[in-house]
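Colleague: Below you will find the structure I want to go over with you.
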Amino acid sequence: MDRREFLYGLNASLGSIALTAMLSEETTAQDDVVKVAHFPKAKAKHCIFLFMEGGPSHIDTFDPKPKLKELHEKEFQRSGQEQSAMASGKRYYVQTPFEFKQAGESGADITTAWPGLAKVVDDICFYRGLQVTSVNHPAANYHVNTGNRFGGDPAIGSWVNLGLGSENQDLPGFVVLPELSFPQGGPANWNNGFLPTDYQGTAFRPAGSPLLDIRPPQGVTRRQQRRNLDLLAKLNQKHAANHPQHEQLAARMKNYELAFRMQTQVPDLVQIDDETQDTQDRYGIGNPKTDNFGRRCLLARKLVEKGVRFVQVYASSWDSHDYILRAHGAMIERVDQPIAALIQDLKQRGLLDETLIVWMGEFGRTPDNGIRGGGVRYGRDHNPNAMSVWMAGGGVKAGHTIGATDEVGMEAVEVVHPLRDLHVTILRLLGLDDNKLTYFHAGRYKQLSQFGGKVIDQLIA
């Protein structure tokens, strides 16, 4: 047997099986305590991820394209690849129906539809160089949230919790605040993937009780619940000792205990009556257009204030293939005031420096449309080659605009990076190194970026 055959044979030996098991056990033995970040000097300790599902148009929000006024309704020719990816037929350039202005001392470009955000642009870092790889909503959502277009991998919030641990043993480390309908792709957008089950995102219901059975049943005391859980834990521990390979049982036991502790925290946490009327008004609570998103932004602030590591807030319906003035205008009106209030509220409480806010959708939109002479009917298609993202707090380069797209907004041309680099940058801002934040699964160490990425240094102060 030569050296190559000997090494190959080790893969099938009992020694290899034992080594694999030991590595797996070492990786799954995660402590439920605060861990030491790879970069202890990082400012951000929490992240609020504002996900604008549907793909907001950079051309109609934060990336003005005066050239489109000159080209308006002129025919636009796509490349062969773009023709196969988009709808067939003639396409026409479409100018934005929104008016742009420069806001703040930084002179950030922003449409007049964002009066709230215009007041806080000096706290924001706008980035125009991002590119993604999918124009399909579910796949693009999975890509943004997990790094994998096909789903099944851990969400970014799960990775953050793996790396930083929990600051509050009585609350989940990763909380999701969806709208009434889940985003395309469903709960897989915040799944734990191959990480232990207790790292998955906990979705709070947008109406009624945020979690089912959050209060004990009628007539059942906390003491009775505690005794029942102790008995259940004793039986489960006995079973787990005989079946150590069933790691999901350990996660389930942890979740039982977390659910018990959450009964003392969540009911009061989700109440907003303890907030001043001025605070509620600033978030737009009570206004039918802003109440839903405003409540969830306020809850996001309260969650990070209580030590939750990663909070994701969804706002859907950005998929404006037509009537972009009306559709995007309505969406901006829903989210503008609450987002501005969130930034101001965190800043006033001294929490903005340690809280990273990320705003993005799953892709950008095209400078053209299939409608000619349609007036108010103009919309835009999906565009993976150019999009706007912005971040605030948490050590980002506030008051700057980084990167650029071409003169019509079709493609990023300056400080161009793929999505995995943005993921790596978010982790770095939180003090985590993507190359060290790994988990042993299916015979190899895996990471959020799939195969490594590059920090976008221009975004970090």
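Colleague: Among the residues of segment 172-184, which ones are surrounded by fewer than 21 Cβ atoms within 10 Å (Cβ to Cβ) and either under 16 Å from residue 142 (Cβ atoms) or more than 18 Å from the chain's Cα centre (by Cα) (or both)?
Modeller: 182, 184
Colleague: Select, from 322, 291, 336, the only residue that is at pLDDT below 95 and assigned by TED's automatic domain parsing to the domain that holds residue 50.
Modeller: The unique qualifying residue is 322.
Colleague: Tell me the residue from 225, 280, 248, 265 that is farther than 30 Å from residue 439 by Cα, at pLDDT below 70, polar (S, T, N, Q) and in contact with a helix residue (DSSP H, G or I) (Cβ under 8 Å, 6 or more places away or on another chain), please.
Modeller: So the residue among 225, 280, 248, 265 that is farther than 30 Å from residue 439 by Cα, at pLDDT below 70, polar (S, T, N, Q) and in contact with a helix residue (DSSP H, G or I) (Cβ under 8 Å, 6 or more places away or on another chain) is 225.
Colleague: Under 9 Å by Cβ, and 6 or more places apart or on different chains, what pairs join a residue from segment 268-280 that is surrounded by 11 or more Cβ atoms within 10 Å (Cβ to Cβ) with one that is part of a helix (DSSP H, G or I) and hydroxyl-bearing (Ser, Thr, Tyr)?
Modeller: 272/279
Colleague: Among the residues of segment 393-411 satisfying the criterion of being in contact with a Leu (Cβ under 7 Å, 6 or more places away or on another chain) and surrounded by 24 or more Cβ atoms within 10 Å (Cβ to Cβ), which is farthest from residue 94 (Cα to Cα)?
Modeller: 394
Colleague: Okay, next question. State yes or no: is residue 413 part of a strand (DSSP E or B), closer than 30 Å to residue 37 by Cβ and either at pLDDT 95 or above or under 24 Å from the mean Cα position of the chain (by Cα) (or both)?
Modeller: The answer is no for residue 413.
Colleague: Further, regarding this structure: What pairs come out if I take residues in segment 126-154 that are within 12 Å of residue 184 (Cα to Cα) and pair them with residues that are surrounded by 24 or more Cβ atoms within 10 Å (Cβ to Cβ) and of a type in the set (Ser, Thr, Tyr) whose C-beta lies under 9 Å away, six or more apart or interchain?
Modeller: As it stands, the answer is 151/142, since those pairs meet every condition given.
Colleague: Considering only residues that are hydroxyl-bearing (Ser, Thr, Tyr) and either surrounded by fewer than 18 Cβ atoms within 10 Å (Cβ to Cβ) or in a loop (DSSP other than H, G, I, E, B) (or both), which ones fall in segment 93-138?
Modeller: Hits for segment 93-138 are 96, 106, 112, 133, 134.
Colleague: Taking segment 370-410 on its own, how many of its residues are of a type outside the set (Lys, Arg) and either in a strand (DSSP E or B) or under 26 Å from residue 44 (Cβ atoms) (or both)?
Modeller: Result for segment 370-410: 20.
The values are calculated or read from the model by the stated rules, or taken from the named source; none is laboratory data. This one's a predicted model, so the numbers in the text were calculated from it and none came from an experiment. Positions of Cβ are generated from backbone atoms using ideal geometry, with glycine treated the same way; all protein chains shown enter the neighbour counts.
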